[in-house]
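Working notes, beginning with the structure itself.
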Amino acid sequence: MKISRIIFAIVALELSVNYAFRLADATLKDAFKNDFDIGVALNARQFSGLDPKAQALIRQQFNSISPEDALKWRSVHPARGKYTFDVADKYVEFGVKNGLDIVGHTLIWHSHTDPWISVNEKGEQLNRDEMLHVMKDHITTVMGRYRGKIKGWDVVNEAFNEDGTYRKSKWHEIIGEDFIEKAYEYAHEADPSAELYYNDYNLFKPAKRAAVVRLLKKLKEKNIPLKGVGEQGHYYLQTPTVAEVEAAVLDLASTGYPVSITELDVNVLPKPAGQLTAEVSATLAYDEKWNPYVKGLPDTTARKLAHKYSTLFAMFHKHRDKIARVTFWGLTDGDSWLNGYPIKGRTNYPLLFDRNYQPKRPVFGDVVRVVGK
Ligand code: GLA
């Protein structure tokens with residue numbers, strides 16, 4: 001009796017050590033190598049070499065990178081006639097050096113721009129032609145610099161409101177609805193070999209998704225060379241449901257364009273009332289009650305996170321013929337924008353690697369074991 005117990009304990013120990021070793025070797029890019037690319041959004045510390053542990057983890061786990069901010073308008077084009085590429089060059093250099101697919105994010109967006117883009121030196125609002133000129137100059141200069149190096153670009157980001165109407169950006173206000181077509185036209189001219197994407201959030205919401213589907217069909221009819229559509233994937237533990245995300249994947253894919261989940265994270269913190277979107281300008285005041293896990297994530301919540309991620313990935317795997325890439329919006333929990341948004345100073349746990357660059361239990365293991373289940 002005793003001996004059999006000892007044998008049982010040894011076998012159990014061996015199995016769990018084996019399992020731990022296998023997990024230590026497991027990588028996201030290998031787990032889904034037959035399905036879709038696995039990307040990660042990088043901050044400047046990471047790609048500039050100030051965070052060597054991050055670089056090692058990126059090389060080990062991912063085959064595609066996106067820049068969190070390095071290629072946004074204000075980063076590369078802070079003033080009229082002034083382009084600054086020092087930081088963006090390092091991002092692209094890191095990708096080229098490590099053989100990673102490089103995503104450009106993003107050219108035409110309502111955010112991360114300053115008022116000068118839509119007025120002249122006297123402060124008067126530009127007319128349509130002048131605004132188109134600003135757009136073309138930006139797209140041509142930024143894309144042209146990285147021609148042949150950046151694989152694909154989020155050309156237009158977040159053009160719609162939640163109800164499916166056009167967002168009232170300066171692009172829309174001054175140019176009109178066809179600002180989107182124009183952006184793709186200029187982008188294709190600037191780098192004919194680059195893949196061009198449309199990117200937006202909350203496409204699990206039917207009204208917003210319908211507007212994007214209409215746009216995709218229109219671009220197809222007009223032979224605009226779009227290559228794919230991105231659903232940002234800023235989710236919460238409870239919402240949206242996996243079924244809602246699946247409906248979005250299927251609907252978007254029904255247009256014939258491959259779908260990517262471009263900015264995946266799962267916010268585990270309580271959601272203050274009314275805060276439902278990923279609209280970056282919506283911020284709220286700090287209160288301790290919104291920051292309950294400063295000392296660590298409770299096991300029950302860690303299990304909910306694992307369930308959310310593994311069921312999402314099981315669904316992505318099921319629809320792998322429609323999905324091109326899944327990109328996490330950040331590398332480790334400590335890097336995530338969700339520690340500062342929509343409330344500054346919180347401790348969030350939205351990603352698959354912890355603040356010490358280690359794969360998180362149980363979520364990482366549950367995700368890499370999705371294939372083959
Ligand atoms: C949006 C943008 C991203 C990033 C996130 C928040 O989703 O597309 O570039 O700014 O918001 O970090």
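The set of residues in the range 75-114 that are more than 16 Å from the ligand (Cβ to nearest atom) and part of a helix (DSSP H, G or I) comprises D86, D89, K90, V92, E93, F94, G95, V96, K97. Picking from residues in the range 261-273 that are assigned to a strand (DSSP E or B) and either within 13 Å of the ligand (Cβ to nearest atom) or at pLDDT below 95 (or both), the one that is nearest to the chain's Cα centre (by Cα) is E263.
Tell me whether the range 133-152 contains one or more residues that are closer than 26 Å to K208 by Cα, in a strand (DSSP E or B) and touching a strand residue (DSSP E or B) at 6+ places or on another chain (Cβ under 6 Å). Taking every residue of the range 133-152 in turn, at least one turns out to be closer than 26 Å to K208 by Cα, in a strand (DSSP E or B) and touching a strand residue (DSSP E or B) at 6+ places or on another chain (Cβ under 6 Å).
How about the range 285-313: which of its residues are open to solvent by 40 Å² or more (accessible area, probe 1.4 Å), in contact (Cβ under 8 Å) with a residue 60 or more places away in the chain and within 23 Å of the chain's Cα centre (by Cα)?
In the first step, residues of the range 285-313 are kept if they are open to solvent by 40 Å² or more (accessible area, probe 1.4 Å); the result is 285-290, 292-295, 298-300, 303-304, 307, 311.
Among the residues that remain, those that are also in contact (Cβ under 8 Å) with a residue 60 or more places away in the chain are: 286, 304, 311.
Residues satisfying the conditions are K304, T311.
For beta carbons closer than 6 Å, sequence separation of 6+ or different chains, a first residue in the range 94-108 that is farther than 18 Å from Q232 by Cα and open to solvent by 10 Å² or more (accessible area, probe 1.4 Å) and a second that is within 16 Å of the ligand (Cβ to nearest atom) and assigned to a helix (DSSP H, G or I), the qualifying pairs are F94/F47. Return yes or no: is K208 over 17 Å from V326 (Cα atoms), within 21 Å of the chain's Cα centre (by Cα), of a type in the set (K, R) and assigned to a loop (DSSP other than H, G, I, E, B)? Taking the combined requirement at face value, the residue does not satisfy it.
In this structure, A159 does satisfy being open to solvent by less than 50 Å² (accessible area, probe 1.4 Å), in contact with a Ser or Thr (Cβ under 9 Å, 6 or more places away or on another chain) and small (G, A, S).
Within the range 276-284, is even one residue assigned to a loop (DSSP other than H, G, I, E, B), touching a Pro at 6+ places or on another chain (Cβ under 7 Å) and open to solvent by 70 Å² or more (accessible area, probe 1.4 Å)?
Looking through the range 276-284, at least one residue is assigned to a loop (DSSP other than H, G, I, E, B), touching a Pro at 6+ places or on another chain (Cβ under 7 Å) and open to solvent by 70 Å² or more (accessible area, probe 1.4 Å).
For beta carbons closer than 9 Å, sequence separation of 6+ or different chains, a first residue in the range 250-270 that is closer than 18 Å to E221 by Cα and a second that is among the small types (G, A, S) and away from the ligand (no atom under 14 Å from the Cβ), the qualifying pairs are D251/A210; Y257/G228; P258/G228; P258/A324.
So which residues in the range 49-74 are β-branched (V, I, T) and within 14 Å of the ligand (Cβ to nearest atom), if there are any at all? Passing the criteria: only I65. Looking only at residues in the range 224-258 that are within 16 Å of the ligand (Cβ to nearest atom), outside any loop (DSSP other than H, G, I, E, B) and under 30 Å from Y186 (Cα atoms), the one that is most open to solvent (accessible area, probe 1.4 Å) is H234.
Restricting the range 157-168 to residues that are within 16 Å of the ligand (Cβ to nearest atom) and in contact with a helix residue (DSSP H, G or I) (Cβ under 7 Å, 6 or more places away or on another chain), which is nearest to Y184 (Cα to Cα)?
The extreme case among them is A159.
Looking only at the range 316-355, residues that are more than 15 Å from the ligand (Cβ to nearest atom), farther than 19 Å from K33 by Cα, in contact (Cβ under 8 Å) with a residue 24 or more places away in the chain and not in a strand (DSSP E or B) come to 3 in all.
Let's see how each residue does on (1) open to solvent by 20 Å² or more (accessible area, probe 1.4 Å); (2) in contact (Cβ under 8 Å) with a residue 60 or more places away in the chain; (3) away from the ligand (no atom under 16 Å from the Cβ); (4) over 30 Å from G39 (Cα atoms):
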site	(1), (2), (3), (4)
W116	yes, no, yes, yes
V119	yes, no, yes, yes
D129	yes, no, yes, yes
M135	no, no, yes, no
T141	yes, yes, yes, no
R145	yes, yes, yes, no
V155	no, no, no, no
H172	yes, no, yes, yes
E181	yes, no, yes, no
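Against the condition away from the ligand (no atom under 16 Å from the Cβ), within 18 Å of Q232 (Cβ to Cβ) and either crowded, with 18+ Cβ neighbours inside 10 Å or touching a residue at least 40 places away in the same chain (Cβ under 8 Å) (or both), how does D200 come out, does it pass? Judged against the criteria, D200 is not a match.
The values are calculated or read from the model by the stated rules, or taken from the named source; none is laboratory data. Please read these numbers as outputs of a predicted model, since none were measured by experiment. As a convention, Cβ positions derive from the backbone with ideal geometry for all residues, glycine included, and neighbour counts pool all protein chains shown. Ligands, DNA and RNA are stripped out before the accessible areas are found, and what is left, the full protein with its side chains, is counted by its heavy atoms. Shrake-Rupley method; radii C 1.70, N 1.55, O 1.52, S 1.80 Å.
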